[in-house]
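*Asks:* There's a structure below that I have some questions on.
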Amino acid sequence: MFKAELNDPNILRTSFDAISSIVDEVQIQIDSEGMRLDALDRSHITFVHLELKREIFDEYECDEPEKINVDTEELMKVLRRARAGDRLIITSDDANLILTFEGEATRQFKIRLIDIEYETPQPPEIRYENEFEVPFSLLKDAIADIDIFSDKITFQVDEEKFIISSKGEFGDAMIEYYHGEKIKEPARSVYSLDKIREMLKADRFSETATINLGNDMPLKLTLKMPEDEGELSFLLAPRLEAEE
Amino acid sequence: MANMRFISLENPTSEESCRIIKEGLRKKAMIIIFSCCKVRYYGRAKSRLGPGERLIIIKPDGSFLIHQDRKVEPVNWQPPGSKAKVKIEDGKILVESIRRKPAEKLMVEMEKVHTLSYYLVKDVHELEVAGHEEDMRRLILESPDIIEKGFRPITREYQTSNGFIDILGKDENGSLMVLELKSRRAGVSAVRQLKRYLEDFKDDKHGVRGVLVAPSITHDARELLEAEGLEFKSLEPPRELKKGYKMTLDKFISSR
């Protein structure tokens, strides 16, 4: 049996804003350390990892590890019903994930658990030469800029700058940012704009994003809470240009 | 892929069928049933299908299809997002597929199940297609000279009071050119469509040219085209699949 209480359900809501647009169902693993999930989207292009340590919760109890399989869309519908000032209590029984909002009234939602036969994927381990931080809002704005001309987005980093760009039939766009960090080797990869947009729906998780970039390599985007008590990270497969 | 998991039953009892269908639905499997059944539907219309042997497919995304032994299209169906349920009523298996908005309900009463199986499917790829108008558009925008030397596209999907122009551009002399693209043999209706688009430009002092771009044109369409002072450019839609491809994360991920 487990029980977790959150004074501010926003962290869960913003996480699932992104997660529910990427995967239809997830397995949430709960133990005495906290909650975590790893999931891979249907087309195997995006991997998402969420970790919420027990320190985030105002109260946290868990006698034995549990695995909870849930439809992300149903969960998101419930999380959207959170009202400002609501306190959220998460528990489960044999058949349901139970979310209770305590505010002016107590509102309880039971979400049916599902069977997932698929094996939960392991978080991939990729070695990167480069790691740098950018403001989350910069990425969010860049999406809107790139969207004017293209559905593909190029991420590029060199010693000085992080460059986001696109080339379209009717125009080009380029955003340059001086990152002020040590970059070992310049790197460049192209991604689907739609996939990046899905990841960035988690816009209230963290003010900065950590990026790992390689040449024609998956993009790793990590959002961390200030005290390291929570992390939401994504891995996105690149788009490659075919050889002539 | 070689170790796909499935369950398959021949001549199952009603109880067995009900249990396996329930299990398949819960596991979001692809369920395939061959049975003697009756079908009723109500929602946007009402329909009834008397008893007969049919193929029923329930997909993990909620799509529900009932096929007879003829035609490509299913005889009854529900779209993705519908929810299926199964129960036994008077010894018969009753499968329902329900859609909430708009409210639609498909009910299948199975007299006898011949075969029943479900499969836990892995299928990550989307269909890639070439040969559509969108592919012609891309080809023209990449190499405008295939329309004529000096042609410069200005914008695509330009809105007029009569709809969207496929490609708007200018010729060598700066005259506007309106391109209407068709991926198959163009008929009279395509010429009329082009003519309507040109109405918005009739006051343009440089003159405007209307060009129908298609692999070929019917005799009647050509007569009308010439009478209206429009032009025809023969162009086959490209049939090569897109360059540049999506890579998956598969080579970076191992399963537990």
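*Asks:* Where in the range A:138-225 are there strands (runs of 3 or more DSSP E), lying fully within it, with 3 or more residues that are open to solvent by less than 20 Å² (accessible area, probe 1.4 Å)?
*Replies:* In the range A:138-225, A:152-157, A:161-167, A:187-192, A:208-213, A:219-224 are the strands (runs of 3 or more DSSP E) which contain 3 or more residues that are open to solvent by less than 20 Å² (accessible area, probe 1.4 Å).
*Asks:* From the residues in the range A:74-129 that are among the basic types (Lys, Arg) and open to solvent by less than 100 Å² (accessible area, probe 1.4 Å), which one is nearest to the other protein chains (Cβ to nearest Cβ)? Walk me through how you get there before you give the answer.
*Replies:* Kept after step one, since they are among the basic types (Lys, Arg), are these residues of the range A:74-129: A:77, A:80-81, A:83, A:87, A:107, A:110, A:112, A:127.
Now restrict to residues that are open to solvent by less than 100 Å² (accessible area, probe 1.4 Å): A:77, A:87, A:107.
On the way: A:77: 13, A:87: 31, A:107: 22 Å.
The selected residue is A:77.
*Asks:* If a residue has to be open to solvent by less than 90 Å² (accessible area, probe 1.4 Å) and without any contact (Cβ under 8 Å) to a residue 60 or more places away in the chain to count, how many in the range A:48-73 make the cut?
*Replies:* Residues meeting the conditions: 8.
*Asks:* Quick one: is residue B:150 more than 14 Å from chain A (Cβ to nearest Cβ) and in a strand (DSSP E or B)?
*Replies:* Working: more than 14 Å from chain A (Cβ to nearest Cβ): yes; in a strand (DSSP E or B): no.
When the stated conditions are applied, residue B:150 does not pass them.
*Asks:* OK, next. One residue is enough: does the range B:191-203 have a residue meeting the conditions out of contact with any Pro (no Cβ under 6 Å at 6 or more places or on another chain), in the same structural domain as residue B:167 (by TED's automatic domain parsing) and part of a strand (DSSP E or B)?
*Replies:* Let us first name the residues in the range B:191-203 that are out of contact with any Pro (no Cβ under 6 Å at 6 or more places or on another chain), namely B:191-203.
After this cut, where a residue has to be in the same structural domain as residue B:167 (by TED's automatic domain parsing) as well, the list is B:191-203.
Then drop every residue that is not part of a strand (DSSP E or B), which leaves none.
No, the range B:191-203 has no match at all.
*Asks:* When you go through B:236, B:223, B:231 one by one, which is the residue that is under 25 Å from residue B:130 (Cβ atoms) and free of Cβ contacts under 8 Å to residues at least 24 places away in the same chain? Step through it out loud before you land on a result.
*Replies:* Working: B:223 fails: under 25 Å from residue B:130 (Cβ atoms); B:231 fails: under 25 Å from residue B:130 (Cβ atoms).
So the residue among B:236, B:223, B:231 that is under 25 Å from residue B:130 (Cβ atoms) and free of Cβ contacts under 8 Å to residues at least 24 places away in the same chain is B:236.
*Asks:* Answer with yes or no whether residue B:145 is within 30 Å of residue B:165 (Cα to Cα), modelled with pLDDT of 90 or more and assigned to a helix (DSSP H, G or I).
*Replies:* Yes.
*Asks:* Looking only at strands (runs of 3 or more DSSP E) that lie completely in the range A:1-120, which have at least 3 residues being of a type in the set (Lys, Arg)?
*Replies:* By residue number, A:106-112.
*Asks:* A follow-up question, please. Quickly run through the range A:226-239 and pick out the residues that are within 14 Å of another protein chain (Cβ to nearest Cβ), open to solvent by less than 40 Å² (accessible area, probe 1.4 Å) and in contact with a Lys or Arg (Cβ under 8 Å, 6 or more places away or on another chain). Working first, answer last.
*Replies:* From the range A:226-239, those within 14 Å of another protein chain (Cβ to nearest Cβ) are A:233-239; that's our starting set.
From what is left, the residues that are open to solvent by less than 40 Å² (accessible area, probe 1.4 Å) are A:233-238.
Correct list: A:233, A:234, A:235, A:236, A:237.
*Asks:* Confirm whether residue B:137 is within 30 Å of residue B:166 (Cβ to Cβ), surrounded by 14 or more Cβ atoms within 10 Å (Cβ to Cβ) and basic (Lys, Arg).
*Replies:* Values: within 30 Å of residue B:166 (Cβ to Cβ): yes; surrounded by 14 or more Cβ atoms within 10 Å (Cβ to Cβ): yes; basic (Lys, Arg): yes.
In short, yes.
*Asks:* Please find, within the range B:239-256, the residue that is nearest to residue B:136 (Cα to Cα) out of those that are modelled with pLDDT of 75 or more and at the interface with chain A (Cβ under 7 Å from one of its Cβ atoms).
*Replies:* Across the range B:239-256, the extreme among qualifying residues is B:247.
*Asks:* Name the single residue, out of those in the range A:130-170 being more than 14 Å from chain B (Cβ to nearest Cβ) and basic (Lys, Arg), that is nearest to residue A:41 (Cα to Cα). Can you show your working first?
*Replies:* Just the residues of the range A:130-170 that are more than 14 Å from chain B (Cβ to nearest Cβ), to begin with: A:130-147, A:155-165.
Narrowing the set further to residues that are basic (Lys, Arg) leaves A:140, A:161.
On the way: A:140: 22, A:161: 31 Å.
That would be A:140.
*Asks:* Further, regarding this structure: What is the one condition in (1) assigned to a strand (DSSP E or B); (2) open to solvent by 80 Å² or more (accessible area, probe 1.4 Å) that residue B:50 does not satisfy?
*Replies:* Against the list (1) assigned to a strand (DSSP E or B); (2) open to solvent by 80 Å² or more (accessible area, probe 1.4 Å), residue B:50 comes up short only on (2).
*Asks:* Another question, if that's okay. Output the number of residues of the range B:122-157 satisfying the condition of being without any contact (Cβ under 8 Å) to a residue 12 or more places away in the chain and in contact with a Phe, Trp or Tyr (Cβ under 9 Å, 6 or more places away or on another chain).
*Replies:* 2
The values are calculated or read from the model by the stated rules, or taken from the named source; none is laboratory data. In this text the structure is predicted, and so the values were computed from the model without any measurement. Note: ideal-geometry Cβ built from the backbone for every residue, glycine included; neighbour counts use all protein chains shown. Accessible surface is based on the protein model in full, side chains and every heavy atom, while ligands, DNA and RNA are left aside. Shrake-Rupley method; radii C 1.70, N 1.55, O 1.52, S 1.80 Å.
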